[in-house]
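J.: One structure coming up, written as structure tokens, with questions to follow.
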Amino acid sequence: MEIRTLVPEDAAACARLMAEAFEGGKRPAPVDENAKEKAEPSSTTLGVFDGARLVAAATIHDLHLVWGEEEAPMGGIAGVACAADQRGRGHVARLLGESLRTMHDSEQYLSGLYPFAFEFYKKHGWEWVGEKREQMVPTAQIKAAPEGKSVRCYDGPEALEIVRPVYAAFASRHRGMATRRDPIPNFWDKALAHRDNRTTYVQVYHDPATGAAEGYLTFRYPDDGDTGQIGEFFANTPAAYRGLLSVLHYYGTQVAKVQFSAPADDPLPLSVMHWDLETKVRPLFMGRIVDVAAAFSALRPDPALAGEIVLQVADGQCEWNQQSFAIMIETGHVSVMPTTNAPGITLDIQALTQAYWGQPSLKLLRTAGCLSVADEAQYALLSRLLPPSICYLNDFF
Ligand SMILES: CC(C)(COP(=O)(O)OP(=O)(O)OC[C@H]1O[C@@H](n2cnc3c(N)ncnc32)[C@H](O)[C@@H]1OP(=O)(O)O)[C@@H](O)C(=O)NCCC(=O)NCCS
């Protein structure tokens, strides 16, 4: 068995593998002869080969997340697949191990993926992070508001330059959203493009005094059924939120319900409350700290925060994480060194990843017994270094 990075000549074998894993065995389209020129520099696909045969593959997308004022590089894992006759032999386990080394070498200190099963990736160190609310709202319960008169509809892609700063402002308040500057996959195209011969309507709230865009939603009529699909709903002011809800009130002449996902701080229940309002709380996706030292060094805490934490981390896949770290916090910076000093806090990479995202919080993780604390002062310091956070991510890869 050999693991190597796929090259354009592997495209046909990779397409066959993906068709078997994700498209019900659909016959793949012939490979584009210009594939070489189209090779995606911001993605790496690793493959397991049995002789000349490609038997398993996984892609790492070079993505970036908004992390407050900073950006965090993330290896987005996608297209994890193994040929059916080759499953259960540890091919994908090896591939994920190799992916972690590749991300580590590329300084992608975080990783993320959308799992088919949480248990499968948990064994390899990923864990669920962040919460979203999937809301099903009866349009009859949504009220019209005067702010609705300040909403204007744009035709899908033409709205890009208007909504980009709205998205950026929303992302700065919700940890872990994609910067949407990475070319592959094109998240903006997915958010705004018309699809399946249907229009994506972009409804933008403009402040009546300044004209500034302060919120938007994207709306698509359902293929069938009575539920309008809202792909994005990002409002940065209460007026924008009321204005956008008002548009949904008027969509009520055509759809009985609208469906949208939102972060845990979404104010919908303060505007709409009815027994028919349905909300499901779901994890966002699975995250993983690939490199503990780099992840902590990237933090920019309050300059008033100072002290030292000795953190012992258990990570069965990444030997560079499987050790104790002295984490020194001083003048708004964090430095990290290996240490043999007794740990103040001990936890595994899954719990550390969740605390790093900040949702679930370190406090909740402790309540659930996911960390052991030998030094309360160090725990208090870590709680301030990794505060609870409202996370969100509306992009699939
Ligand atoms: C999921 C998949 C990639 C695993 O590939 P694989 O090479 O068989 O993986 P491994 O050999 O490393 O691991 C297999 C082990 O995973 C575990 N596993 C499989 N499905 C699981 C699940 N739903 N939950 C928890 N563990 C699971 C099992 O322990 C299995 O071992 P066993 O059944 O032999 O005891 C493969 O089944 C596949 O291609 N499926 C279709 C595409 C897909 O769903 N991809 C994942 C997208 S996120």
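J.: Please report the antiparallel percentage of DSSP beta bridges with both residues in region 133-283, rounded to the nearest 5.
T.: 90 percent
J.: Another one. Need one number: % antiparallel among DSSP beta bridges in region 51-210, to the nearest 5.
T.: 85 percent
J.: Take the alpha carbon gyration tensor of the chain, find the square roots of its eigenvalues, order them as a ≥ b ≥ c, and report rounded if a/c is under 1.5; if not, report prolate when a/b exceeds b/c, else oblate.
T.: Cα axes put the chain in the oblate bin.
J.: Could you give the distance between the Cα centres of region 161-180 and region 368-395, to the whole Å?
T.: 25 Å
J.: May I ask you to compute the full-extension gain from Arg53 to Met273, defined as 0.36 nm times their residue separation minus their alpha-carbon distance, rounded to one decimal in nm?
T.: The Arg53-Met273 span can extend by a further 73.5 nm.
J.: Given contacts defined as C-alpha pairs under 8 Å and at least six residues apart, what's the relative contact order of the chain, whole-number percent?
T.: Normalised by residue count, the contact order of the chain is 18 percent.
J.: Using R₀ = 56 Å, calculate the FRET efficiency as 1/(1 + (r/R₀)^6) where r is the Cβ-Cβ separation of Ala12 and Ala212; round to 0.05.
T.: 0.65
J.: As a test of the formula, what do you get for the chain when each DSSP H run with n ≥ 4 contributes -39,500 (n - 2.57) and the sum is divided by the residue count, at 222 nm and rounded to the nearest 500 deg cm²/dmol?
T.: Calculated mean residue ellipticity at 222 nm is -7500 deg cm²/dmol.
J.: PRE reach from Ala377 (point 7 Å along Cα→Cβ): which of region 285-310 fall under 20 Å by backbone N?
T.: Zone members listed by number: 302-310.
J.: Can you tell me the accessible area per residue over the chain, all protein chains present, probe 1.4 angstrom, in square angstrom?
T.: 47 Å²
J.: Same structure again: Ranked highest first by average number of other Cβ atoms within 10 Å, how do 257-267, 2-12 line up?
T.: Listed from highest to lowest mean packing, they are 257-267, 2-12.
J.: Over region 133-283, what is the mean sequence separation of C-alpha contacts under 8 Å (at least six apart), divided by residue count, expressed as relative contact order in percent?
T.: Rounded, it is 39 percent for region 133-283.
J.: Restricting to bridges with both residues inside the chain, how much of the DSSP beta-bridge set is antiparallel, in percent to the nearest 5?
T.: 85 percent
J.: Which FRET efficiency value, to the nearest 0.05, is calculated for Asp189 and Gln322 with the Förster distance at 35 angstrom and r the Cβ-Cβ distance?
T.: Calculated transfer efficiency: 0.30.
J.: Okay, next question. Pop out the carbon and sulfur fraction of the accessible area of the chain as a percent, whole number, probe 1.4 Å.
T.: Taking all protein chains in place, the chain shows 52 percent carbon and sulfur surface.
J.: A further question follows. Using packing as a proxy for protection, rank 197-206, 55-64 so that the peptide with the highest average count of other Cβ atoms within 10 Å comes first.
T.: Descending packing order for the listed peptides: 55-64, 197-206.
J.: Based on the mean of other beta carbon atoms within 10 Å per residue, what is the order of 288-298, 229-239, 142-152, most packed first?
T.: 288-298, 229-239, 142-152
J.: On full extension of the chain, what length is gained from Phe120 through Glu71, given 0.36 nm per residue of separation minus the C-alpha to C-alpha distance?
T.: 14.8 nm
J.: Extending each Cα 7 Å along its Cβ direction at Met1 and Thr227, get the distance between those two points in nm, one decimal.
T.: Reported label-point gap for Met1 and Thr227 is 4.0 nm.
The values are calculated or read from the model by the stated rules, or taken from the named source; none is laboratory data. None of these values were measured; they are calculated from a predicted model. Quick reminder, even Gly has a Cβ in these numbers, built from the backbone with ideal geometry, and neighbours come from all protein chains shown. Keep in mind that these areas ignore ligands, DNA and RNA; they rest on the heavy atoms of the full protein, side chains included. Shrake-Rupley method; radii C 1.70, N 1.55, O 1.52, S 1.80 Å.
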